[in-house]
1. Convert each backbone phi in region 120-127 into a coupling constant with the Karplus relation 6.51 cos²θ - 1.76 cosθ + 1.60 (shift: θ = phi - 60°), then list the ³J(HN,Hα) values in order as whole Hz, x for Gly and Pro.
2. Would you mind calculating the gained length between Asn79 and Asn112 on full extension (0.36 nm times residue separation, minus the Cα-Cα distance), in nm to one decimal?
Amino acid sequence: MPPSASSSSPTVQVTPPPSNAMAGRHATEISLDGAVKALTALTTAGMETYDDCTNLARQARRLFAELEGMANDLASNHNITGARTVRAMAVLMESVGMLAVNADRSAKAALNAAELAEAEETAMERDYRPTQAAAIDAGLTAPSARIHNEN
């Protein structure tokens, strides 16, 4: 029966989704392939960052050694031993030393992140790929939620 003219409530019409589509509330913005691709990219970026940080730490240690040699040369061969020069060299060497330490820490963190992303990618493939394959084999657009299959 149509609503009366005196009724103030709006008419609500429910349209079921097409038989080959999933209701909007169940849709997600990421697929298994998308998640695996993102994790692969994270693994690659983590390994590249590890390489960059390792190289930076190596170069910082080499610079530290050069600065140490320069400071010794200035003092012993050129008699440059003023307090300001010695202090400036010490501050510079300390900064370069901290750069090496922080680059090593960053390299370890990047390697850890890359390993975690790789492990998560492996776990997603192991845990979700069989369910996705089974849904496709059964002719389903997507597997049903676990709660629908529990007794």
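Each reported figure results from applying straightforward, stated rules to the coordinates on display, with no laboratory input. Everything numeric in this text was worked out from a predicted model, so none of it was measured.
1. 5, 4, 4, 5, 5, 4, 5, 8
2. 7.1 nm
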